[in-house]
Amino acid sequence: MSNRRFWGADIGGTTTVVGSVGRDSPFRIEAVLSTLPLRGARRLLDELAGTILNADPEPLAVGVGIAGLVDRRRGILSFSPNLPGWAPLDVASEIAGRTGAGAVVDNDCNSFAYGAVRTGLIPSDGLRVFVTLGTGIGGTILDRGKVIYGTGFAGEFGHMAVESSGQACPCGSTGCWERYAGRDALVRYYLGREPSAGEETVPDPREIAELARNGDSAALKAFDVYGAWVGRGLASLANCLSPDGFYLAGGLANASDLFMQPACAEFTGRCRHPWCVSTVPDSSEAGALGAALMARDSRT
Ligand SMILES: [Zn+2]
């Protein structure tokens, strides 16, 4: 029996999780690599291809979920704040050149959502909206488990304008939702100002959450403000999409107990949709699994 497998890699700003799945055999994690983005894309791609070929000299196909804006049809990473200096990068050709296998490349949020549906973390029926709250805000629209792309880039919720002349965003626009409900925004609400460049004692969201759970009033207030911005964005999405449910993931979703209430209050004041918002449990596997299944499904 052939041991050839479909491979999936979830390339994030910190780690790259690599796994594989057979035609009829289950998914397994094969390696966790340090992305070390500042050393450049080629080093990581060499390491990734080496990991694959060592275990499987003739991989059937490789799926890649990568943090950033992805031109899925051409397999190109077009823009990535988390992987500085990498874009534009023809990921599909780079992978094919190293492994001899065809590659399917998608945004990491879409591949995670694809994996989360297959593992039952997100229901596979109805219209479901997946939102990652982290440094930026990513999103995926799922119609009966199928990712909706539009012309290719649907789900970039983080760049939905929520303040027309608000904060400048690295994308070139102003007032993007992720400037108000991303990681830096929570820190800003806690401090009551922008942190200065090189400031060393700035707490991260995990520390602010810890302070809030211990009753620190500035931290609790920061989560109230943060939650209201989460609710505002979700209400706009509900008005546009009327989904069966929202599913939150990402680092800040771990503090959802601290912001769900203000988010819900803001949401219900701005739309008539029921508040149907839950969090997706942390999964180190779903991204690589989703990427591997995208590769397998593209060949069947
Ligand atoms: Zn933006």
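Observations, loosely collected:
- Residue 190 meets all of the listed conditions (1) within 16 Å of the ligand (Cβ to nearest atom); (2) among the aromatic types (Phe, Trp, Tyr); (3) more than 24 Å from residue 122 (Cα to Cα) but one, namely (1).
- Residues of the range 157-174 that are within 16 Å of the chain's Cα centre (by Cα) and within 8 Å of the ligand (Cβ to nearest atom): 158, 159.
- Being more than 12 Å from the ligand (Cβ to nearest atom) and either modelled with pLDDT under 95 or out of contact with any strand residue (DSSP E or B) (no Cβ under 8 Å at 6 or more places or on another chain) (or both) is not true of residue 99.
- Residue match in the range 137-147 (condition: over 22 Å from residue 229 (Cβ atoms), surrounded by 15 or more Cβ atoms within 10 Å (Cβ to Cβ), hydrophobic (A, V, I, L, M, F, W, C) and in contact with a Lys or Arg (Cβ under 7 Å, 6 or more places away or on another chain)): yes
- Flag if residue 128 is more than 15 Å from the ligand (Cβ to nearest atom) and either surrounded by 17 or more Cβ atoms within 10 Å (Cβ to Cβ) or β-branched (Val, Ile, Thr) (or both): yes
Conditions (1) farther than 27 Å from residue 191 by Cα; (2) part of a strand (DSSP E or B), marked per residue:
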{"site": "220", "(1), (2)": "no, no"}
{"site": "225", "(1), (2)": "no, no"}
{"site": "229", "(1), (2)": "no, no"}
{"site": "239", "(1), (2)": "yes, no"}
{"site": "246", "(1), (2)": "yes, yes"}
{"site": "253", "(1), (2)": "no, no"}
{"site": "258", "(1), (2)": "no, no"}
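- When we screen 53, 38, 77 for residues that are under 18 Å from the mean Cα position of the chain (by Cα) and either assigned to a helix (DSSP H, G or I) or aliphatic (A, V, I, L, M) (or both), the only hit is 77.
The values are calculated or read from the model by the stated rules, or taken from the named source; none is laboratory data. All figures in this text were calculated on a predicted structure; none of them were measured in a lab. Virtual Cβ from ideal backbone geometry, glycine too; neighbours counted across all protein chains shown.
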